[in-house]
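Contents: one structure, followed by commentary.
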Amino acid sequence: TPRPQLGAAASNSWTNLAVSMYASTRVREVERRAASACDFETSVQYVTKSSEGAWGVIGSESDGGGAVPTSLLEGGTTIRVAPMERSRGGWDDEHFHDKLRVPEGSSAGRGLVVTLEAMARECVTVALSPHPYFDMGKTYAIHLGAAGNLSTVIRRRLPSGNEAIDSTFPGRICTDDRFTSYWIVLQDGVLSAGVGTCPGKKCIATLDDRLYHQLRSGVDACKFVGIGNSALGRHARDLKVRNVSVMPLPSLFGMGGVPVDKVEAVNIDQDDSLGASSAAAPDAELLSEYKRECAKAKARAEKFGTEYKQPPPDAFFKWSEARRLRANPEKGFVTGIDVMSAEEKAKAERRKARFAEDEKNRKRERGDDVEEGEDAKDNMDEAEAGKGGPSKEDENRNDPILIEHSWDNEDLVVGQRFDPPQHLWT
């Protein structure tokens, strides 16, 4: 029996249905200008703990994970954050959201865990606050890739606003050509931040604020999260953030909390496990040396019992090197050539020899004498040394003559004499 043929109208309807079904399976990427303009949903994630205590996320509770309520940024949404206005104190209500928090009904007394992905040139900033706004003296700010992507800073400003408790650690951790995963863990007054998808691994900065944690009231526990951009200056650029999640500390880890590695200085351009490119950054050696000098300065501060402040690059490098290290150049096309390189010098010598040969060929065509080999070089050296050049008398003729000596040298100045018209002689 022959298969029935569909008419044109039926064929078009089936095509439209297939297209609509395919489109419905795709996640449409939506870009928002601030966290306040986004939608957040409460879900459940299942967290596991390995034999070494490492963090893991699985698909369901049947796989042995502990259920943890989590606030998630709506799938397919990217937050584009513009540089914050310093004149207004930086933080604004648009950087927070009522639902970007530890889910209601969950305890945030001991702490929380935040994970996100960001693509930025520098200064991805995350705030942890007890309220959906920046509360001076009670809010932590984590600056990932601060100071031109040269360090990470964790800070809590005191109520006066002029002083702060902070810690700074060197390392390049921001990427402007791909999304990078970050995590933040606050537990029992110790705030840590790192890179990667596993909280506790590859820790890049930490701040011990346990005294404040013990003295603060329960209502001042951090449970809201803000997303900002603390880049300053003419090189400040927008940044993108996606896949934000906020959850309380999983009870699976017990009273010890999430195990956090010792702080290490990370250069994301050289770490293959973090998606580094095959070519290392041009200033990788400078950055490595800067990290070593910072470690020495920190060791000296601990030895003599003084407060450690991360020194600027100018303390160790020449001005030009420090400026290059702070510049954090944007990726793009490489322009210009190094004329002093060995390769360019060799090219210049070949061009010089080719042009000299072309000049000899033109002289031969005109019938002029052409000097070859070493004789030509010797004659050139003699000419440069003054041999065979103009005589002493010819050189003297070109020297300027003082006006007082004009009549004594009439034979030399007669050629420069200019008489007035004859009607003026009388």
Review point. What are the pairs, 6+ residues apart or on separate chains, where a residue within the range 165-182 that is acidic (Asp, Glu) has its Cβ under 8 Å from a residue that is surrounded by 21 or more Cβ atoms within 10 Å (Cβ to Cβ) and not in a strand (DSSP E or B)?
Key: 176/120; 176/121
Point to revise | Of the criteria (1) assigned to a loop (DSSP other than H, G, I, E, B); (2) within 25 Å of the chain's Cα centre (by Cα), which one residue 135 fails | key: (2)
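Tell me yes or no: at least one residue of the range 118-136 is among the hydroxyl-bearing types (Ser, Thr, Tyr) and touching a His at 6+ places or on another chain (Cβ under 9 Å).
Filtering the range 118-136 down to residues among the hydroxyl-bearing types (Ser, Thr, Tyr) leaves 125, 129, 133.
Next, only the ones that are touching a His at 6+ places or on another chain (Cβ under 9 Å) stay: 125, 133.
Checked against the condition, which is being among the hydroxyl-bearing types (Ser, Thr, Tyr) and touching a His at 6+ places or on another chain (Cβ under 9 Å), the range 118-136 yields at least one hit.
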Check your understanding: Within the bounds of the range 169-188, is there any residue that is modelled with pLDDT of 90 or more, closer than 19 Å to residue 110 by Cα, surrounded by fewer than 23 Cβ atoms within 10 Å (Cβ to Cβ) and of a type outside the set (A, V, I, L, M)?
Key -> yes
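Scan the range 114-132 residue by residue and report those that are of a type outside the set (A, V, I, L, M, F, W, C) and within 16 Å of residue 246 (Cα to Cα).
Scanning the range 114-132 gives 115, 117, 125, 129, 130, 131, 132.
The values are calculated or read from the model by the stated rules, or taken from the named source; none is laboratory data. Values in this document were obtained by computation on a predicted structure and should not be read as measured data. Cβ sites come from the backbone with ideal geometry, for glycine too, and all protein chains shown count toward neighbours.
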